[in-house]
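The values are calculated or read from the model by the stated rules, or taken from the named source; none is laboratory data. Quick caveat: nothing in here was measured; it's all calculated off a predicted structure. All Cβ positions, glycine included, derive from the backbone under ideal geometry; neighbour counts span all protein chains shown.
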Amino acid sequence: MTARIREFLKRRTQNGPCLVVDLDVVRENYLGFAKALPDSKVFYAVKANPAPEILRLLAGLGCCFDVASVSETQAVLAAGAPPERISYGNTIKKESEIATAFALGVTLYAVDCEAEVEKLARAAPGSRVICRIRCDGSGSEWPLSRKFGCEPDYAADILELAHKSGLVPHGVSFHVGSQQHNIEAWDRALASTASVFRGCAERGITLSIVNLGGGFPAKYVRKTPKLESYGKAIFRALRKHFGNALPETIVEPGRGLVGNAGIIEAEVVLITRRSPADEVRWVYLDIGKFHGLAETIDESIRYPIRTTHDRDQTAPCVIAGPTCDSVDVLYEKTPYPLPVSLAIGDKVLIEAAGAYTATYSSVGFNGYPPLQQYVI
Ligand SMILES: *Cc1c(COP(=O)(O)O)cnc(C)c1O
């Protein structure tokens, strides 16, 4: 909780849950990446939080952007970044979307199959192509595994097709899984990446860039290693697999740039027990899975929750959202300890909620409005 957010919440008069993001924290995080990974350019993964204020701040700091759609591309351009600072990282694109992005000036695209290369050759001729390879996502809390990326052995074929189609085979990308706890997760992916570089070299194609993806954690309930340790482990892995011929590298943090910059204030709507003797209480908040806390699916992300009674004794609770859908339960398998003195009407603070919340909120399921966001 920053002093600026505390002041803002004190003065806020509207009702309903809200997310407050402190731009000072986003700036610090950006500078932190420059320090921990000094040789890697930062491409902010816009999907984590596309608030215009965040995009403008980062554009002004010289940051580059990873986008997944035409409207994210337009949002980045509107924030003042030129198209040369955009990487279109989604491997799943309509040809019409590629054509629009290309007309807007974007010339760097990710693919993971031949059909996508063919689309690019037609809709974005001459562009640079990065091939995404598969990563199993182990060690991460929010894997991005099976849906994306070709088997590493196949990547050289895809990049060779790009070459033959008049595109520029530029490099390899992967994503080790979001909220990755294991700093060594990049090592295996970089071993595969280096083999793709060699495979391409044998075919006379020189690759120049490795996109190291995201995966850098925010601090939730569980402890995470420091960003510095990630930087060091990645550098060691690059040296091990590429020797002195180090490729150019980029990183695409989403969560690591904005996660800890935001706090959700919510309210306790109801506290019940299923029978008078039950030890476990059910605590219903005015925010749930449908209004910003989608990453509690499978209890993947465990947010720190603060109350005004935090010095009191705690007891295990099931925490749920307010909607009439039984999916809308945040923590049940692993009950969440909350103060026994917590009462209906109390405010609670859900920390590290700056990433993957506001845009995950439904437009009005069950009549609850989308999560209100303030960027200060
Ligand atoms: C979502 C995404 C990211 C950001 O991942 P984080 O774990 O939030 O840092 C980066 N790259 C791509 C291609 C993504 O889809």
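So here's what we get for this one:
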{"item": "So Leu227, is it within 30 Å of Gly367 (Cβ to Cβ) and touching a residue at least 60 places away in the same chain (Cβ under 8 Å)", "result": "no"}
{"item": "Top-ranked residue in the range 182-219 [being more than 14 Å from the chain's Cα centre (by Cα) and within 30 Å of Arg306 (Cα to Cα); ranked as surrounded by the fewest Cβ atoms within 10 Å (Cβ to Cβ)]", "result": "Asn182"}
{"item": "Residues (exposed (fewer than 12 other Cβ atoms within 10 Å of the Cβ) and modelled with pLDDT under 95) located in the range 1-16", "result": "Thr13, Gln14, Asn15"}
{"item": "Any hit, the range 290-298, residues being within 16 Å of the ligand (Cβ to nearest atom), out of contact with any Pro (no Cβ under 6 Å at 6 or more places or on another chain) and without any contact (Cβ under 8 Å) to a residue 12 or more places away in the chain", "result": "yes"}
{"item": "Entirely in the range 326-376, the strands (runs of 3 or more DSSP E) that have 3 or more residues that are more than 15 Å from Arg306 (Cβ to Cβ)", "result": "329-339, 372-375"}
{"item": "Search result, residues across the range 119-129 that are touching a Gly at 6+ places or on another chain (Cβ under 7 Å) and not in a helix (DSSP H, G or I)", "result": "Pro125, Gly126"}
{"item": "Qualifying residue in the range 309-325 (condition: without any contact (Cβ under 8 Å) to a residue 12 or more places away in the chain and within 16 Å of Leu270 (Cβ to Cβ))", "result": "no"}
{"item": "Elements of type strands (runs of 3 or more DSSP E) contained in the range 209-319, each with 1 or more residues being within 18 Å of Val348 (Cα to Cα), touching a Cys at 6+ places or on another chain (Cβ under 6 Å) and of a type in the set (Val, Ile, Thr)", "result": "281-285"}
{"item": "Top-ranked residue in the range 264-318 [being hydrophobic (A, V, I, L, M, F, W, C) and more than 29 Å from the chain's Cα centre (by Cα); ranked as surrounded by the fewest Cβ atoms within 10 Å (Cβ to Cβ)]", "result": "Ala277"}
{"item": "Qualifying residue in the range 277-300 (condition: in contact with a helix residue (DSSP H, G or I) (Cβ under 7 Å, 6 or more places away or on another chain), more than 19 Å from Asn15 (Cβ to Cβ) and hydroxyl-bearing (Ser, Thr, Tyr))", "result": "yes"}
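Here's the yes/no breakdown for (1) in contact (Cβ under 8 Å) with a residue 24 or more places away in the chain; (2) charged (D, E, K, R); (3) within 14 Å of the ligand (Cβ to nearest atom); (4) surrounded by 16 or more Cβ atoms within 10 Å (Cβ to Cβ):
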residue: Arg128; (1), (2), (3), (4): yes, yes, no, yes
residue: Arg134; (1), (2), (3), (4): yes, yes, yes, yes
residue: Gly149; (1), (2), (3), (4): yes, no, yes, yes
residue: Pro152; (1), (2), (3), (4): yes, no, no, yes
residue: Ile158; (1), (2), (3), (4): yes, no, no, yes
residue: His163; (1), (2), (3), (4): yes, no, no, yes
residue: Leu167; (1), (2), (3), (4): yes, no, no, yes
